[in-house]
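Each remark here refers to the structure printed beneath this line.
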Amino acid sequence: MKKFLSLLVFSLSVLTSFAQTEHNFSVAKSLDTFNSIYRQLDIFYVDSLEANKVIKVGIDAMLKELDPYTVYYPEEGMDELKMMTTGKYGGIGSIIHMRKDSTVIISEPYPDMPAAEVGLQVGDVLLKIDDTDLKGKNTSEVSEMLRGEPGTTFLLRIQRPGEKNTRDFKVTRRSIKKAAVPYIGLIDDAGYISLTEFTEGCAKEVRKSVINLKEKGAKSIILDLRNNGGGLLNEAIDMVNLFTPKNLKIVETKGKMVAANYSYTTQNDPLDLEIPLAILVDGSTASASEIVSGALQDLDRAVVVGTETFGKGLVQSSRELPYNGSLKLTTAKYYIPSGRCIQKIDYKKLRQDAETYRTTGKRPEKADSTKTIFHTAGGREVTEGSGIKPDVTVKHDSISPVVYYPLAVGPTIEALNTMATQSTLLVSLFNDDALTDWGTKYFQSHPNVPTVKDLTITDSDYADFKQMVKNSDFKYDRTSEKRLEELKKIAKLEGYYDDAKEEFEALEKKFAHNLDREMDRRKEDICRLMSQEVIKRYQGWQSGRCHQRR
C-alpha cells in the first residue's frame, strides 16, 4: 500500500511538472511570436508606428479579455491610479466636459477649490492654458494640462456664455482631496451619513461623523452607500470595526498565490456596539461597499435596505512595472464573515461563452437553485454569488440614484446603465448640451436662491427647457424603435414579414417619434435632472441634501 501511494504521489508530481513545463513553453512561444510580429511591422509596415500607442492597444486588448478591473497604467497615467486610491491629485478642483461642438467646458467647480475660488463657473468654455490653444483637444488632454504639481500657476482663458469678451484667470494648482463624506445630517433622531468612496482616511471621517451626530442627538445611524463603487479594503475593515468588536475576522481573501491568501480582522476598539444601524444600498454599491454592508449583515449588526448590490467579490492589487508604470490586477476573491463570496459574474465563463453574451446580452451567473446557502451570526440564510441582497427591499425612483443621491455630481457607469434600461431619453438629456445651457440661463437670471427649499422648477421653467431641447439638435436612440427594427430584420430573414407587414406598419405608426409627448410623460424625472443641474451651480448652500460634493 505504501509503495502504491508513493508511486501515485510520484506520478502526480511528474504530471504537474509536465503541465508546468508545457505552460512555460506556451508563454515563451506566445511572447516570442508577439515580439516577432511587432518587429516585422516596425520594419516593413508602410507607415511609421508609434510604439507607445500600438503596444498600449495590444496590452489593453489582452487585459480586456480578463475582467474590467485589471488595468495597465503607464507612467503618464499614474496620477489616475493615485487619485483612485488616495482621493488626492494636484489640480484646480473641477469636473470638465466636452460639448457637441468639441469645446471643453467647466462642468462643476468644487467648493473651496482653486477653480471656484478664482470665479470659474459651470458652462465656462476653456480656450487657452498659458500659450496653448485648446481648440481640438479632448477632455483627457485638457485634464492632463490642468493637473500638475501643487503650487504651480498658469493663466486660463475662458469664454463665458452670454458675454462677448473673453476672461483670463490666474489659477494656482493645489492638492485636491475629494471628500469621502460630503454630507451628514439629522432626520428626526436618525443620523444620516453619505459615503461616496473608500479612499484613504474615510473610516476616520465616518467615525468623526458618528460622534458629531450622536452629540447632536442621533439615536440611530443611517450609512448611505448607494452609488459607492468601493475603494480600499483596509478602510472597509476599519469601517466595520466602528460598530463591531476587536479581533473579529471580517474578510478572507483567496488567490492563486499564497501571498494573496489573508485574513483581515478588526484591530481597534469599537466606537459603538449598540446604536441601531441601517445601510442603504443599490445596484451601484460595489466592492468595499459590499464588504461593509455584507459583513454587518452577516454579523447581524445592521439592517441592509435598498436593492441588490453590484456583486463584486474580487480583490485587486498593484504591481510595479518597468519605466514607472503599474499594473492593477485581480489577485484574489474575498469572503465575508458567513463564508460567502458575493462575486456575481463569472468572467472565466464569460470569456468562454463570449459569443453567447454578444448575441443575448446575458452574462453567466449562477442560478439561484445552485447557489450555496450560508448563515449569518443569528442563523439567517444568505447566499453566495448574487451581491448583497437587502434585508428590506426598497426600490428607488427611475433616476433617484442620479438626482437624489446626496452630493452626486453625476451617475456612475452602473447608474447610467440602470437609467438607460428605463429611459434612453433621460440618459440623452442628462448628457445633452441643452441641459447645461438651460442651467446657465437659469443661474444667470436667478443670482440669489437662498436655500435649496426655495428652488422650484415651475411649469414655465419646464416649458422653457422643453423649447430649448426642441430648438437644439437633440437626438436619442429610442429602444422601442431599435427593437422593432431588429424584429423586422428577423421576420424578413425567416420569411414572416410579408404576412405581418400591415401589423408592422401599424406598430411603426404607434411608435412614431413624438418628443413633446415623451418629454411630458417623463416630466417629473426631467424636472429632477433640471434641479440637479441648477443645484451644482450655487456654491455654499448649507441646507437640505444639496451640498456640493468635493
Subject >> Top-ranked residue of the stretch 92-126 - restricted to ones that are of a type in the set (Val, Ile, Thr) and in a loop (DSSP other than H, G, I, E, B), ranked as nearest to Thr172 (Cα to Cα) >> reply: Ile92
Original post:
Of the residues that sit in the stretch 36-65 and are assigned to a helix (DSSP H, G or I) and among the β-branched types (Val, Ile, Thr), which one is nearest to Leu327 (Cα to Cα)?
Top reply: Ile59
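Just checking, how many residues over the stretch 100-154 are in contact with an Asp or Glu (Cβ under 7 Å, 6 or more places away or on another chain) and in contact (Cβ under 8 Å) with a residue 60 or more places away in the chain?
The qualifying residues number 4.
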**OP:** Answer yes or no as to whether Leu155 is within 30 Å of Leu280 (Cα to Cα), open to solvent by 60 Å² or more (accessible area, probe 1.4 Å) and assigned to a strand (DSSP E or B).
**Re:** no
Original post:
Is there any pair linking a residue in the stretch 424-444 that is under 16 Å from Ile106 (Cα atoms) and at pLDDT 85 or above to one that is among the hydrophobic types (A, V, I, L, M, F, W, C) and open to solvent by less than 10 Å² (accessible area, probe 1.4 Å), with Cβ under 6 Å and at least six apart or on different chains, and which?
Top reply: Ala434/Val469; Leu435/Leu429; Trp438/Phe465; Gly439/Val534
Subject >> helices (runs of 4 or more DSSP H) wholly inside the stretch 198-309 that include at least 1 residues being within 25 Å of Phe374 (Cα to Cα) >> reply: 233-241, 288-298
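Go over the candidates Asp473, Asp499 one by one and state the one that is open to solvent by 90 Å² or more (accessible area, probe 1.4 Å), under 21 Å from Thr424 (Cβ atoms) and at pLDDT below 85.
Asp473
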Original post:
Counting just the residues of the stretch 106-127 that are buried (at least 19 other Cβ atoms within 10 Å of the Cβ) and among the acidic types (Asp, Glu), which one comes out nearest to Ile158 (Cα to Cα)?
Top reply: Asp124
Subject >> Hits in the stretch 502-521 - residues which are at pLDDT 75 or above and either open to solvent by 90 Å² or more (accessible area, probe 1.4 Å) or basic (Lys, Arg) (or both) >> reply: Glu502, Glu503, Arg517, Arg521
Subject >> Only one of Gly255, Gly294 that is out of contact with any helix residue (DSSP H, G or I) (no Cβ under 9 Å at 6 or more places or on another chain), modelled with pLDDT of 95 or more and buried (at least 16 other Cβ atoms within 10 Å of the Cβ) >> reply: Gly294
Original post:
Considering only residues of the stretch 238-249 that are in contact with a strand residue (DSSP E or B) (Cβ under 7 Å, 6 or more places away or on another chain) and surrounded by fewer than 23 Cβ atoms within 10 Å (Cβ to Cβ), which is nearest to Thr331 (Cα to Cα)?
Top reply: Lys249
Original post:
So Ala61 fits all but one of (1) under 30 Å from Phe474 (Cβ atoms); (2) free of Cβ contacts under 8 Å to residues at least 24 places away in the same chain; what number is the exception?
Top reply: (1)
Original post:
List, please: which pairs have Cβ atoms under 7 Å, are six or more places apart or on different chains, and start with a residue in the stretch 522-550 that is at pLDDT 80 or above and of a type in the set (Asp, Glu) and end with one that is open to solvent by less than 40 Å² (accessible area, probe 1.4 Å) and not in a helix (DSSP H, G or I)?
Top reply: Asp525/Ser398; Asp525/Ile399
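The values are calculated or read from the model by the stated rules, or taken from the named source; none is laboratory data. Computed from a predicted model, the values in this text were never measured in an experiment. Ideal geometry is used to build each Cβ from the backbone, glycine not excepted, and the neighbour counts take in all protein chains shown. Accessible surface is based on the protein model in full, side chains and every heavy atom, while ligands, DNA and RNA are left aside. Shrake-Rupley method; radii C 1.70, N 1.55, O 1.52, S 1.80 Å.
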